[in-house]
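Engineer: Here's a structure for you.
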Amino acid sequence: MLTLGAAFARCHWKRPAHNILRRALHSTPSQTRNRTIKSETEVKNDINVPRDRWNYNVSPFLQTSQTKYSDLEFVTSNALECATEPPRGVQMLVRDFIEDSLYNPNYGYFPNQATIFNTDGSAVGFDSLRDSTEFQEVVAQKYAAYGADKHDGPGRQLWHTPTELFKPWFGRAIARCLVAEYLLKYFPYEDLIIYEIGAGNGTLAMDILNFLQEVHPEVYERTRYNIIEISGRLVQMQRKRLSRAHPNVRVTHKSIFHWATREPAPCFFVAMEVIDNFAHDVVRYDLKTLEPYQGVITVDPHGDFETIYTPVSDPLITEFLNLRRNLKHPLPVSKVLQSSDALRKLYLSMPFAPNLSKEEYIPTRLLSLLRILRNYFPRHRLLLSDFSSLPDTISGVNAPVVQTRFRNTTVPCTTLLVRQGYFDIFFPTNFEHLRDMYEHIVSHKHHPSSSKSGMRSTPLMTTSTSISLGEDYFSSYRSNDRRSPLDGVTSASGLPVGERKSNVFTHSEFMETYADLNRTRLRNGENPMLDFYKNVKFLF
């Protein structure tokens, strides 16, 4: 998620002084006040003085590395959910380190540090503002109302979304998109069923339901809104805020990655600025053999981090790499080096040549979500939006931004190896690759063992399936922009026509289609709801 500084003043971000930040975050109040000057020998022998330990993984193939870390327990983020403080003396995959850092119930970033920006229940009066500069000043004033940061640790991790900045107009644009698709394809035979993950303060749900209640009351009466929320604190907030106004809302306290309930009816699945915080794994390629290696983060008994690389053995990483190969998405290695063993050998013989390719962050948790959508929401329609690019990322391919807020200043970092729970970690998404992955996964049918078809009977179902009739029974032509039809499910015309495939839209393209842009236009003609999110895309 982006803080105000990240969204409005990216060009003013400064690289942090890591030693100063580390000492500030680890010092106690008594240490901060004590200004007694010690000798160099006293400082060197004082165990309370934080020190930087620089770790170099010269080669992931060294036998000494295997011996050094063989005694460290291998853990996962699920196993650490009951931990009350960050673990030591362990090793884990990079995605487990990120997931533990962000979502651990006891010390994770989102349960304990993050606060979602809220405009105090009042919408911004866009038509009264002179220009985008004045709009930014209004937002900055609302940020300032949250107060100054404390000086003995990380500050308030305040971030915002377009849902909050442009409420209720952003939420109403989402509602128009959903209701247009519902009226075209399902009304009046099916209820409008919506699932949302990462609902935050519940603002998007409130704005969507308010719109339906006011503009489409006949649809609202048939609406069921389901929120799947990992944060216990946000679950309480969402229930308190939404239950009285809209009794048709159900909030489930659960991670989407633990979801195991099948929804047989048509539904819409909404994820607004959620997948940027999905954990990624790190893969690097041996430039001699092009064999992939998975990143493993080790935490020694002193709490120091190091990344080592081992041959890929994790099933989820393996599945992603196989999927990428099937989709013919490029490797993060030069095509010239891929084409010739001799060229790779020549390259590796050069002075200071690396033995591994650059770190690549692969969206393995996103792959898990796509599988869950296929398996448990077989008739869903996905509406997803997030960042397609980000400034000031750490080194690597598809690398994240790692940042915190300290003494009222946003501090970006140059490494992923930071103290768990203190830093936001968020990634850009290649939406064109995501679309290919998504369509490939949903096109491969999942056959649950518990039932024959997993579908409930509806007026749009037939007794003869498309397979028994043959997919081309009604026409010899099948459009490339549609999926294969589901067995027994027809369109409103009664024909077995597959769902339209998803498309990628820029933020402005989506808003120009569904938003009431007059509501967010400033006096000088600027429209911040179009102009402020150039690095955001939609998948629908």
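Engineer: Just the residues that are closer than 20 Å to Q294 by Cα and exposed (fewer than 15 other Cβ atoms within 10 Å of the Cβ), please, taken from the stretch 77-99.
Structural biologist: Hits for the stretch 77-99 are N78, G89.
Engineer: Find all pairs meeting these conditions: Cβ atoms under 8 angstrom apart; at least six residues apart or on different chains; first residue within the stretch 320-344 and among the β-branched types (V, I, T); second residue assigned to a helix (DSSP H, G or I) and exposed (fewer than 15 other Cβ atoms within 10 Å of the Cβ).
Structural biologist: Close Cβ pairs satisfying both conditions: V336/L343.
Engineer: Picking from D386, D392, which residue would you name as being within 20 Å of K358 (Cβ to Cβ), of a type in the set (D, E, K, R) and either within 18 Å of the chain's Cα centre (by Cα) or open to solvent by 30 Å² or more (accessible area, probe 1.4 Å) (or both)?
Structural biologist: Details: D386 fails: within 20 Å of K358 (Cβ to Cβ).
That would be D392, the only listed residue that is within 20 Å of K358 (Cβ to Cβ), of a type in the set (D, E, K, R) and either within 18 Å of the chain's Cα centre (by Cα) or open to solvent by 30 Å² or more (accessible area, probe 1.4 Å) (or both).
Engineer: While we're on this one: So, R156, is that one among the basic types (K, R), within 20 Å of A515 (Cα to Cα) and either open to solvent by 10 Å² or more (accessible area, probe 1.4 Å) or modelled with pLDDT of 95 or more (or both) or not?
Structural biologist: Numbers: among the basic types (K, R): yes; within 20 Å of A515 (Cα to Cα): no; either open to solvent by 10 Å² or more (accessible area, probe 1.4 Å) or modelled with pLDDT of 95 or more (or both): yes.
Considered against the rule, which asks whether it is among the basic types (K, R), within 20 Å of A515 (Cα to Cα) and either open to solvent by 10 Å² or more (accessible area, probe 1.4 Å) or modelled with pLDDT of 95 or more (or both), R156 comes out as no.
Engineer: Could you list, in sequence order, the residues of the stretch 383-402 that are assigned to a strand (DSSP E or B) and either acidic (D, E) or without any contact (Cβ under 8 Å) to a residue 60 or more places away in the chain (or both)? Walk me through how you get there before you give the answer.
Structural biologist: Narrowing the stretch 383-402 to residues assigned to a strand (DSSP E or B): 383-387, 397, 401-402.
Result: D386, V402.
For (1) within 21 Å of P400 (Cβ to Cβ); (2) surrounded by fewer than 17 Cβ atoms within 10 Å (Cβ to Cβ), each residue gets a yes or a no:
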{"residue": "P266", "(1), (2)": "no, no"}
{"residue": "Y293", "(1), (2)": "yes, no"}
{"residue": "F305", "(1), (2)": "yes, no"}
{"residue": "T318", "(1), (2)": "no, yes"}
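Engineer: Being surrounded by fewer than 21 Cβ atoms within 10 Å (Cβ to Cβ), charged (D, E, K, R) and either in contact with a Gly (Cβ under 6 Å, 6 or more places away or on another chain) or in contact (Cβ under 8 Å) with a residue 40 or more places away in the chain (or both) narrows it down to one residue among R405, R374; which is it? Let's see the steps before the verdict.
Structural biologist: Working: R405 fails: surrounded by fewer than 21 Cβ atoms within 10 Å (Cβ to Cβ).
Criteria check complete, one pass: R374.
Engineer: Looking at (1) of a type in the set (A, V, I, L, M, F, W, C); (2) in contact (Cβ under 8 Å) with a residue 24 or more places away in the chain; (3) within 30 Å of L416 (Cα to Cα), which is the one condition that is false for V235?
Structural biologist: Tallying (1) of a type in the set (A, V, I, L, M, F, W, C); (2) in contact (Cβ under 8 Å) with a residue 24 or more places away in the chain; (3) within 30 Å of L416 (Cα to Cα), V235 fails exactly one: (2).
Engineer: How many of the residues in the stretch 301-313 are over 25 Å from the mean Cα position of the chain (by Cα) and closer than 15 Å to L93 by Cα? Can you show your working first?
Structural biologist: So in the stretch 301-313, the residues over 25 Å from the mean Cα position of the chain (by Cα) come out as 301-304, 310-311.
Of the ones still in play, those that are also closer than 15 Å to L93 by Cα are 310-311.
The total comes to 2.
Engineer: Here's something else I'd like to know. Residue by residue through the stretch 54-107, note down the ones that are modelled with pLDDT under 95, polar (S, T, N, Q) and closer than 25 Å to N355 by Cα.
Structural biologist: Of everything in the stretch 54-107, those that are modelled with pLDDT under 95, polar (S, T, N, Q) and closer than 25 Å to N355 by Cα turn out to be N55, N57, S59, Q63, T64, S65, Q66, T67, S70.
Engineer: State yes or no: is A271 open to solvent by less than 70 Å² (accessible area, probe 1.4 Å) and assigned to a loop (DSSP other than H, G, I, E, B)? Spell out how you get there, then give the answer.
Structural biologist: Details: open to solvent by less than 70 Å² (accessible area, probe 1.4 Å): yes; assigned to a loop (DSSP other than H, G, I, E, B): no.
Against the criterion (open to solvent by less than 70 Å² (accessible area, probe 1.4 Å) and assigned to a loop (DSSP other than H, G, I, E, B)), A271 does not qualify.
Engineer: Assuming F110 fulfils every condition listed in (1) at pLDDT below 85; (2) within 25 Å of D100 (Cβ to Cβ) apart from one, which condition is it?
Structural biologist: (1)
Engineer: Pairs only if they're at least six apart or on different chains, beta carbon under 7 angstrom, first in the stretch 187-203 and touching a residue at least 40 places away in the same chain (Cβ under 8 Å) and surrounded by 20 or more Cβ atoms within 10 Å (Cβ to Cβ), second in a loop (DSSP other than H, G, I, E, B) and of a type in the set (V, I, T); list them, first residue then second.
Structural biologist: Note: pairs meeting the criteria are I197/V274; G198/V274; G200/T161.
Engineer: Looking at the stretch 347-367 only, could you name the residues that are assigned to a helix (DSSP H, G or I) and either under 23 Å from R95 (Cβ atoms) or open to solvent by less than 50 Å² (accessible area, probe 1.4 Å) (or both)?
Structural biologist: Scanning the stretch 347-367 gives T364, R365, L366, L367.
Engineer: Any residue at all in the stretch 327-346 that's open to solvent by less than 30 Å² (accessible area, probe 1.4 Å) and at pLDDT 95 or above?
Structural biologist: Checking the stretch 327-346: at least one residue is open to solvent by less than 30 Å² (accessible area, probe 1.4 Å) and at pLDDT 95 or above.
Engineer: Same structure, new question: Across the stretch 307-316, what is the number of residues that are open to solvent by 20 Å² or more (accessible area, probe 1.4 Å) and closer than 15 Å to L417 by Cα?
Structural biologist: Residues flagged as open to solvent by 20 Å² or more (accessible area, probe 1.4 Å) and closer than 15 Å to L417 by Cα within the stretch 307-316 amount to 1.
Engineer: Looking at the stretch 278-291 only, could you name the residues that are under 18 Å from I362 (Cβ atoms) and either open to solvent by 20 Å² or more (accessible area, probe 1.4 Å) or part of a strand (DSSP E or B) (or both)?
Structural biologist: Once the filter is applied, which keeps residues that are under 18 Å from I362 (Cβ atoms) and either open to solvent by 20 Å² or more (accessible area, probe 1.4 Å) or part of a strand (DSSP E or B) (or both), the stretch 278-291 yields D281, V282, V283, R284, Y285, D286, L290, E291.
Engineer: When the stretch 201-224 is examined, which residues are found to be in contact with an Asp or Glu (Cβ under 8 Å, 6 or more places away or on another chain), outside any helix (DSSP H, G or I) and under 17 Å from F166 (Cβ atoms)? Step through it out loud before you land on a result.
Structural biologist: Residues of the stretch 201-224 that are in contact with an Asp or Glu (Cβ under 8 Å, 6 or more places away or on another chain), as a first pass: 201, 203-205, 222-224.
Still in the running and outside any helix (DSSP H, G or I): 201, 222-224.
Residue satisfying the conditions is N201 alone.
Engineer: Got a number for residues in the stretch 168-190 being in contact with a helix residue (DSSP H, G or I) (Cβ under 9 Å, 6 or more places away or on another chain) and farther than 24 Å from L517 by Cα?
Structural biologist: Narrowing the stretch 168-190 to residues in contact with a helix residue (DSSP H, G or I) (Cβ under 9 Å, 6 or more places away or on another chain): 168-180, 182-183, 187-188, 190.
The next check asks that each one be farther than 24 Å from L517 by Cα; those that pass are 187-188, 190.
Count: 3.
Engineer: Additional query: If E214 satisfies every condition in (1) modelled with pLDDT of 95 or more; (2) closer than 23 Å to F377 by Cα but one, which is the exception?
Structural biologist: With (1) modelled with pLDDT of 95 or more; (2) closer than 23 Å to F377 by Cα applied to E214, the lone miss is (2).
Engineer: A further question follows. Looking at (1) out of contact with any Lys or Arg (no Cβ under 9 Å at 6 or more places or on another chain); (2) open to solvent by 10 Å² or more (accessible area, probe 1.4 Å); (3) at pLDDT below 95, find the lone condition where I230 falls short.
Structural biologist: It fails just one condition, (1).
Engineer: Let me ask another. Does L316 satisfy the criteria of being in contact with a helix residue (DSSP H, G or I) (Cβ under 6 Å, 6 or more places away or on another chain) and farther than 20 Å from K358 by Cα?
Structural biologist: Working: in contact with a helix residue (DSSP H, G or I) (Cβ under 6 Å, 6 or more places away or on another chain): yes; farther than 20 Å from K358 by Cα: yes.
For L316, the condition - in contact with a helix residue (DSSP H, G or I) (Cβ under 6 Å, 6 or more places away or on another chain) and farther than 20 Å from K358 by Cα - is met.
The values are calculated or read from the model by the stated rules, or taken from the named source; none is laboratory data. None of the values given here were measured: they were computed from a predicted structure. Because the Cβ atoms are built from the backbone with ideal geometry, glycine has one as well, and the counts that use them run over all protein chains shown. Please note that ligands, DNA and RNA were not included when accessible areas were found on the heavy atoms of the full protein model with its side chains. Shrake-Rupley method; radii C 1.70, N 1.55, O 1.52, S 1.80 Å.
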